[in-house]
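The values are calculated or read from the model by the stated rules, or taken from the named source; none is laboratory data. Bear in mind that the values here come from a model prediction, so they are computed numbers and not experimental data. FYI the Cβ positions are ideal-geometry reconstructions off the backbone, even for glycines, and counts take in every protein chain you see.
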Amino acid sequence: MSKPQRTLICWVGGNDLKAPEGGEVGPILSTLRAVGFDRLELLCSYPPERVEPYLEWLASTLEITIEPHYASLRSPVDFADIHEVAQAHLQRLSVPGTDLSILLSPGTPAMQAIWILLGKTRYPATFYQSSLEQGVQQVVVPFEIAAEYVPAANAITDDRLMQLAEGHAPVDAAFDSIITQSQRMRVLKSQGQILAQKQVPVLIQGETGTGKELFARAIHNASPRSSGPFVALNCGAIPPELIDSTLFGHCKGAFTGAVANRAGVFEQAHGGTLFLDEFGELPPDAQVRLLRVLQEGVVTPVGASRELRVDVRLITATHRNLMQAVVEERFREDLFYRIAVGVLHLPPLREREGDLLLLADALLNGITRQDDSLKGKKISADAKKLILRHPWKGNVRELQSTLLRAALWCSSDVIGAADIDQALFQLPGNPPRTVSADVAQGIDLQEIISDTARRYVREALTVTAHNKTRAAALLGLKSQQTLSNWMSKYGID
């Protein structure tokens, strides 16, 4: 009987990428040196130009089979994207004859959480971690801890979350899946339903996370092309050297690495809808070639001598101001007017009056429907207050990801303010206005004082794990009661 192949899988981390420059060797090489493995499977969310030098250095350091896999993530803390990538590779590797191990150290906390959930529930694996202080250690995760979160792990499959977030629904219900009571959004839904029946190109503008792909899918589902394919592509995630191949396809041998013929997204979407997200990220030379495709309805795969005729309904989306880009000559005017026939401007969540708590309840209901053991989870009144105060710069996408994290880790049926607070990611803010404000232009001193107080009270509570006595001391306040008075004054739980 042959010996099982020992395989290690992990994400590439920032400390690993710095290793070739000198200093520490990084968690990956440390683990490979400490534990004997036959194969290394690397998941890479960094761009290839950052990863390739590390791969060459690693291959020159150790004799081991290294298989890199590049993954396009909306964010390194997006649970849905991380889960989709990690599950696909664990499923592929969990076969007889493979002794699978997972290195937890590289990557974000979200990546580590997904590894533990999957490695303890669906794809049994041995865990390792590596640190400068403790070296390389095998990690024992008690089953009781993982078992508590099995329902959540089952609930975050990509297909289910996309169905929740993007409205996979019957044609007559597609726009009904866009939940709103905002008059502005209702008008946009009506406009989208009209555009769905037309064949004109549609441009959807809006901040990241406002639901641009949801609208695109709703338009497709309600259109005469609903029986055809819906192909989505993030233009901002395409390496520059692969833009033509990705859009138009390539022939075998067209370039190094082209080991087989490959259809581009235009050919894949033939007879249906092609959704190009982050359209404003396409470089000028690619804009020229794309304009010809839209004008003539034909594509020429890289390395091919014959044109292919394609029948595609194009929907584009961007968070950029394309009109401004046209004025600044960063985006072709003729291409802009070709794609901007039907235009929808999606408002940010903060401008959708009355929608925030409505969406929070609806999104949580969608998450809890994924598994019987999650049913009945509700958001407490205090948690809703916290939701209302948060700016939600990531819009609906941030709201859904936050609720998902809160549902994952909440041990009771009621998601409280502490659960939401733990699930939120506090992004660095702008410098205090006391530094940048121009008093000659007039300022609101009370507002500046309030903003400063809120900022430092929250920081003190975070640093002290919400110990009011210690937080009051850090802030130079006389007592815990004084801090409580400040918290009440400035609306801090």
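Values as computed for the structure displayed
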item: Single residue of the range 302-328 satisfying the filter (of a type outside the set (A, V, I, L, M, F, W, C) and within 30 Å of the chain's Cα centre (by Cα)) that is surrounded by the most Cβ atoms within 10 Å (Cβ to Cβ); result: 316
item: Qualifying position, being closer than 16 Å to residue 202 by Cα, part of a helix (DSSP H, G or I) and assigned by TED's automatic domain parsing to the domain that holds residue 290, among 275, 215; result: 215
item: Unique residue being surrounded by fewer than 22 Cβ atoms within 10 Å (Cβ to Cβ) and out of contact with any Asp or Glu (no Cβ under 8 Å at 6 or more places or on another chain) when the list is 375, 385; result: 375
item: Subset of the range 1-15 (residues that are modelled with pLDDT of 90 or more and outside any loop (DSSP other than H, G, I, E, B)); result: 6, 7, 8, 9, 10, 11
item: In the range 14-57, the residues that are small (Gly, Ala, Ser) and closer than 17 Å to residue 137 by Cβ; result: 26, 30, 34, 36
item: Pairs where the first residue, in the range 405-420, is under 19 Å from residue 113 (Cα atoms) and touching a residue at least 60 places away in the same chain (Cβ under 8 Å) and the second is assigned to a loop (DSSP other than H, G, I, E, B) and charged (D, E, K, R), C-beta under 7 Å, 6+ apart; result: 407/377
item: Conditions (1) outside any loop (DSSP other than H, G, I, E, B); (2) modelled with pLDDT under 65; (3) not polar (S, T, N, Q): number failed by residue 427; result: (1)
item: Flag for residue 457 being more than 27 Å from residue 364 (Cβ to Cβ), surrounded by 11 or more Cβ atoms within 10 Å (Cβ to Cβ) and modelled with pLDDT of 80 or more; result: yes
item: Matching entry among 66, 114, 82, 102 (being of a type in the set (Val, Ile, Thr), assigned by TED's automatic domain parsing to the domain that holds residue 30, more than 20 Å from the chain's Cα centre (by Cα) and crowded, with 17+ Cβ neighbours inside 10 Å); result: 102
item: Matching residues, the range 314-340, being in a helix (DSSP H, G or I), free of Cβ contacts under 8 Å to residues at least 60 places away in the same chain and under 17 Å from residue 293 (Cα atoms); result: 333, 334, 335, 336, 337
item: From the options 297, 264, residue that is closer than 20 Å to residue 230 by Cα and touching a residue at least 24 places away in the same chain (Cβ under 8 Å); result: 264
item: Residue selected from the range 1-30 under the condition among the acidic types (Asp, Glu) and farther than 15 Å from residue 44 by Cβ, by the criterion surrounded by the most Cβ atoms within 10 Å (Cβ to Cβ); result: 24
